[in-house]
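Below is one structure, written out as structure tokens; comments come after it.
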Amino acid sequence: MVGGNDLYVNKCTDKFVMANVLNVAKQIFEDQPDSKIIVHGIMPRKDNFEIKSNRLGKLWKRAQGVNLDIRKFIKVHSERIFYMNLAPTLLQGFIKGARKEIDPSLIDGVYPTSKGMQKWGNLVAKKIVPILKGFDREAHMKQTKSPAKKDGDR
């Protein structure tokens, strides 16, 4: 859920939100250098909880731009960070070009409902398995923990 509050609550700039998301990944790599990271796109939520409409507003459009920029950055700069965005599966009438609306049975304004978490979680699990399948943790640990060469060693 990194980035959602920065964008929706704190009204931060798109560049700040992106930097904040990537900074979390950087901190994880510093603490756990052998890790793989999966960044999920910013989830949809209402701009204004007082209105009855479930339509998504301007902040959702901005979130989509931030998500796209993060995905592009990850694709170019890292082989150990993966991007996924399954949030659109929690929207009503998933029609390209149509005005997006939150499915109230799947999202309760800000957070996914139990039904939404189950649907989203099942999809996340399906996406994570192939990413982890090709990851040989032992080989990666050996590679990252190899002793540093001394001056004069070749």
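Consider Tyr111 carefully, then state whether it is within 25 Å of Ile128 (Cα to Cα), out of contact with any Cys (no Cβ under 9 Å at 6 or more places or on another chain) and surrounded by fewer than 13 Cβ atoms within 10 Å (Cβ to Cβ). Answer is yes for this residue. The set of residues in region 26-50 being over 28 Å from Ile102 (Cα atoms) and small (Gly, Ala, Ser) consists of Ser35 alone. Annotation note: Cβ proximity below 7 Å between a residue of region 98-119 that is under 21 Å from Leu7 (Cβ atoms) and a residue that is at pLDDT 90 or above and of a type in the set (Ser, Thr, Tyr) (sequence gap 6+ or interchain) occurs for Leu106/Thr113; Ile107/Thr113. The set of residues from region 10-30 being assigned to a helix (DSSP H, G or I) and polar (S, T, N, Q) comprises Asn20, Asn23, Gln27. Here Pro33 fulfils each of the conditions (1) touching a helix residue (DSSP H, G or I) at 6+ places or on another chain (Cβ under 8 Å); (2) in a helix (DSSP H, G or I); (3) surrounded by fewer than 13 Cβ atoms within 10 Å (Cβ to Cβ) apart from (2). Pairs linking a residue in region 15-30 that is of a type in the set (A, V, I, L, M, F, W, C) to a residue that is surrounded by 12 or more Cβ atoms within 10 Å (Cβ to Cβ) and part of a helix (DSSP H, G or I), with Cβ atoms under 6 Å and 6 or more positions apart or on different chains, are Val17/Asp6; Val17/Leu7; Val17/Val66; Met18/Val66; Met18/Asp69; Met18/Ile70; Val21/Ile70.
Considering only residues in region 1-17 that are touching an Asp or Glu at 6+ places or on another chain (Cβ under 9 Å) and surrounded by 20 or more Cβ atoms within 10 Å (Cβ to Cβ), the one that is nearest to Tyr111 (Cα to Cα) turns out to be Tyr8. Of Arg71, Arg45, all but one fail to be in contact with a Gly (Cβ under 8 Å, 6 or more places away or on another chain) and touching a residue at least 40 places away in the same chain (Cβ under 8 Å); the exception is Arg45. Residue count for region 39-49 satisfying the condition of being at pLDDT below 90 and either part of a strand (DSSP E or B) or surrounded by fewer than 20 Cβ atoms within 10 Å (Cβ to Cβ) (or both): 3.
The values are calculated or read from the model by the stated rules, or taken from the named source; none is laboratory data. None of these values were measured; they are calculated from a predicted model. Every residue, glycine as well, gets a Cβ built from its backbone with ideal geometry; the counts of neighbours run over all protein chains shown.
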